[in-house]
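Got a structure for you, questions after.
The values are calculated or read from the model by the stated rules, or taken from the named source; none is laboratory data. No experiment lies behind these values; they were computed from the predicted model shown. Reconstructed Cβ throughout: ideal geometry from the backbone, glycine too, with neighbour counts over all protein chains shown.
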Amino acid sequence: MKMKNFASGFVCALLAALVFAEGPAPARAEVCDRIVAVVNNDVITLIELNKRIRSLTGVDPAELKSQNEKKYMETRRRVLDSLINEKITLAKITELGINVTPGEVDASIERIKRNNGLTDEDLRAALKKEGITYEAYREKIKTQLQKIQLLNFAVKSKIIVREEEIKKYYETHLKDFTTEERVHLAIILLKPGPSGEKNAAEILERIQKGEDFTALAKEFSVGPGAKDGGDMGFFRISQLDPEMRKITRQMSPGEVKGPIHRGSALQIVKLMERRKKRVKPLAEARDAIFDILYQEEVNREYSSWIKGLRDKAYTKVIF
């Protein structure tokens with residue numbers, strides 16, 4: 001599965017579960033604070049509601065209202081409805097004494113990373129792109145684990161994911177399990193002009209004599225990664241411009257090409273490693289698919305369960 005797509009998809013699926021991560025919100029012009037809903041013996045405040053709207057939309061509620069009042073009211077009702085469900089759920093979790101330990105959260109995150117070929121850095125980068133802190137993500141995982149435990153108490157029939165469902169998901173989402181060709185490049189960047197050409201010739205001659213590319217990059221390169229011996233890491237082929245894509249496809253691992261004239265610079269490129277396009281077989285993708293389908297079923301069961309519980313709860317919206 002593509003790590004970015006999966007990481008992004010998983011983060012979005014859990015976004016509504018965030019309860020504890022946000023910090024205190026400043027007072028707004030509407031009212032400093034007031035009760036907007038009563039849920040059994042608990043309440044939801046305006047500050048709490050606005051904080052969640054801001055977290056989910058990335059826009060201040062007052063600004064959202066000024067932009068489109070109809071959309072604002074729809075968002076406000078939807079978010080308040082979600083908060084009411086969360087209050088009911090958390091009350092039930094407390095009543096049943098459900099507890100998720102930090103170790104269980106760690107194990108769940110490790111499983112996510114393992115099933116999707118993610119390093120810790122990959123996961124943190126995906127979260128950063130979504131605007132979510134690692135601490136907030138851990139809270140989301142904790143809430144989701146609590147929800148699963150709650151359903152184990154509440155739902156009599158065990159959630160089952162059948163093999164044919166896993167196979168069908170794999171076949172219809174095959175592109176998600178396809179890893180694009182990637183290349184690991186090291187680059188020595190030189191300034192253009194006679195001195196650059198002279199340095200390039202010297203570097204290539206010394207490489208031919210067996211000198212280390214890394215040491216030469218540290219000595220000559222003026223580009224990013226010079227301190228790391230010119231190591232630029234892995235690139236997907238689609239990330240490279242057409243010229244560099246053509247050059248790297250003609251190279252073998254360990255081969256050096258240059259000097260390459262690139263706009264206002266000269267480059268000497270070394271192909272460190274090539275990882276070919278690969279489709280992950282079903283056997284390797286099974287655990288990740290199981291998690292996706294299991295979570296979908298958990299969400300369906302939860303929606304049905306919370307509806308029944310909400311019908312029995314006392315709720316009053318003071319909009």
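Mind listing whichever residues of the range 204-226 are more than 17 Å from Met272 (Cα to Cα) and part of a helix (DSSP H, G or I)?
Hits for the range 204-226 are Glu205, Arg206, Glu219, Phe220.
Of the residues in the range 41-82, how many are in a helix (DSSP H, G or I) and touching an Asp or Glu at 6+ places or on another chain (Cβ under 7 Å)?
Selection size over the range 41-82: 6.
On the given criteria, is Lys142 in contact (Cβ under 8 Å) with a residue 24 or more places away in the chain, basic (Lys, Arg) and closer than 30 Å to Glu296 by Cβ?
yes
Here is a follow-up. Output the number of the condition that Asn152 fails; it satisfies all remaining conditions of (1) under 30 Å from Glu95 (Cβ atoms); (2) in a helix (DSSP H, G or I); (3) touching a residue at least 12 places away in the same chain (Cβ under 8 Å).
Result: Asn152 fails condition (3) only.
With the requirement that a residue be farther than 25 Å from Gly233 by Cα and touching a residue at least 40 places away in the same chain (Cβ under 8 Å), what does the range 184-200 give you?
The one that is farther than 25 Å from Gly233 by Cα and touching a residue at least 40 places away in the same chain (Cβ under 8 Å): Glu197.
Restricting attention to the range 216-260, which residues are of a type in the set (Gly, Ala, Ser) and more than 36 Å from the chain's Cα centre (by Cα)?
Gly258
In the range 33-50, how many residues are surrounded by 17 or more Cβ atoms within 10 Å (Cβ to Cβ) and either outside the structural domain of Tyr72 (by TED's automatic domain parsing) or touching a residue at least 24 places away in the same chain (Cβ under 8 Å) (or both)?
Residues meeting the conditions: 7.
In the range 227-250, how many residues are part of a loop (DSSP other than H, G, I, E, B) and on the phi > 0 side of the Ramachandran plot?
2
As an exercise: evaluate Asp241 against (1) farther than 23 Å from Ile88 by Cα; (2) at pLDDT below 90; (3) of a type outside the set (Phe, Trp, Tyr); (4) surrounded by 13 or more Cβ atoms within 10 Å (Cβ to Cβ) and give the number of the one condition it does not meet.
(4)
Taking the range 113-137 as the region of interest, how many residues are surrounded by fewer than 17 Cβ atoms within 10 Å (Cβ to Cβ) and either in contact (Cβ under 8 Å) with a residue 40 or more places away in the chain or of a type in the set (Lys, Arg) (or both)?
The qualifying residues number 11.
Continuing with the same structure: Condition test on Glu296, is it assigned by TED's automatic domain parsing to the domain that holds Leu145 and either modelled with pLDDT of 90 or more or among the acidic types (Asp, Glu) (or both)?
When the stated conditions are applied, Glu296 passes them.
How about the range 192-212: which of its residues are within 20 Å of Pro224 (Cβ to Cβ) and either modelled with pLDDT of 95 or more or touching a Phe, Trp or Tyr at 6+ places or on another chain (Cβ under 9 Å) (or both)?
Answer for the range 192-212, where residues must be within 20 Å of Pro224 (Cβ to Cβ) and either modelled with pLDDT of 95 or more or touching a Phe, Trp or Tyr at 6+ places or on another chain (Cβ under 9 Å) (or both): Asn199, Ala200, Ile203.
Return the only residue of Leu185, Leu189, Leu174 being within 12 Å of Pro259 (Cβ to Cβ), modelled with pLDDT of 90 or more and within 33 Å of the chain's Cα centre (by Cα).
Answer to the check: Leu189.
Still on this model: Filter the range 85-128 for residues that are of a type in the set (Asp, Glu) and either assigned to a loop (DSSP other than H, G, I, E, B) or within 30 Å of Val317 (Cβ to Cβ) (or both) and give the result.
Glu86, Glu95 - these are the residues of the range 85-128 that are of a type in the set (Asp, Glu) and either assigned to a loop (DSSP other than H, G, I, E, B) or within 30 Å of Val317 (Cβ to Cβ) (or both).
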